[in-house]
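The values are calculated or read from the model by the stated rules, or taken from the named source; none is laboratory data. Worth saying up front: this structure is predicted, and the values here are computed from it rather than measured. When we count neighbours, we look across all protein chains shown, and the Cβ atoms used for this are built from the backbone with ideal geometry, even at glycine.
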Amino acid sequence: MKTIVKLDNNISLYVFEDNEVIDVQEDKTVIGSPESAIISDCNSTNTIVYENVTAPEDYKGWKYFFDGTDWTANSDWVDPLAE
């Protein structure tokens with residue numbers, strides 16, 4: 001798997017399969033080849049992509065921090081579907 005992580009706080013925003021193309025650019029991140037999505041608030045100045053990771057089984061965006069090695073639960077995360 002691959003994960004896109006915010007640089008300022010190490011929160012994992014997204015995970016993708018290893019074979020998914022992720023192109024982090026100066027002003028956006030393009031997913032897929034051919035392009036299947038654009039993430040306009042993730043770019044080369046505020047995110048990093050880690051490859052060959054194993055996400056937690058109950059992974060959801062914003063639920064975990066990832067420092068490049070270890071996953072840590074985000075104690076502030078609230079399941080939006082439970083609200």
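For segment 43-53, a residue qualifies if it is out of contact with any Phe, Trp or Tyr (no Cβ under 8 Å at 6 or more places or on another chain) and either closer than 12 Å to L13 by Cα or surrounded by 10 or more Cβ atoms within 10 Å (Cβ to Cβ) (or both), and the qualifying residues are N43, S44, N46, T47, I48, V49, E51. If I go through segment 6-23 residue by residue, how many of them are touching a residue at least 40 places away in the same chain (Cβ under 8 Å) and either under 18 Å from Y59 (Cα atoms) or surrounded by 13 or more Cβ atoms within 10 Å (Cβ to Cβ) (or both)? Summing the residues that are touching a residue at least 40 places away in the same chain (Cβ under 8 Å) and either under 18 Å from Y59 (Cα atoms) or surrounded by 13 or more Cβ atoms within 10 Å (Cβ to Cβ) (or both) in segment 6-23 gives 8.
Would you point out the residue of segment 62-83, among those that are of a type in the set (A, V, I, L, M, F, W, C) and not in a loop (DSSP other than H, G, I, E, B), that is surrounded by the most Cβ atoms within 10 Å (Cβ to Cβ)? Here the answer is F66. Of all residues in segment 38-83, those satisfying the criterion of being over 13 Å from the mean Cα position of the chain (by Cα), of a type in the set (D, E) and within 18 Å of M1 (Cα to Cα) are E57, D58, D70.
Is one or more of the residues making up segment 56-70 among the hydrophobic types (A, V, I, L, M, F, W, C), farther than 12 Å from L13 by Cβ and at pLDDT 95 or above? No; the residues of segment 56-70 include none that is among the hydrophobic types (A, V, I, L, M, F, W, C), farther than 12 Å from L13 by Cβ and at pLDDT 95 or above.
Within segment 24-44, being in a loop (DSSP other than H, G, I, E, B) and either in contact with a Pro (Cβ under 9 Å, 6 or more places away or on another chain) or in contact (Cβ under 8 Å) with a residue 24 or more places away in the chain (or both) holds for one residue alone: C42. Based on this model, can you work out whether V30 counts as among the hydrophobic types (A, V, I, L, M, F, W, C), farther than 12 Å from F66 by Cα and either crowded, with 17+ Cβ neighbours inside 10 Å or modelled with pLDDT of 95 or more (or both)? Yes; evaluated as a whole, the condition is true for this residue.
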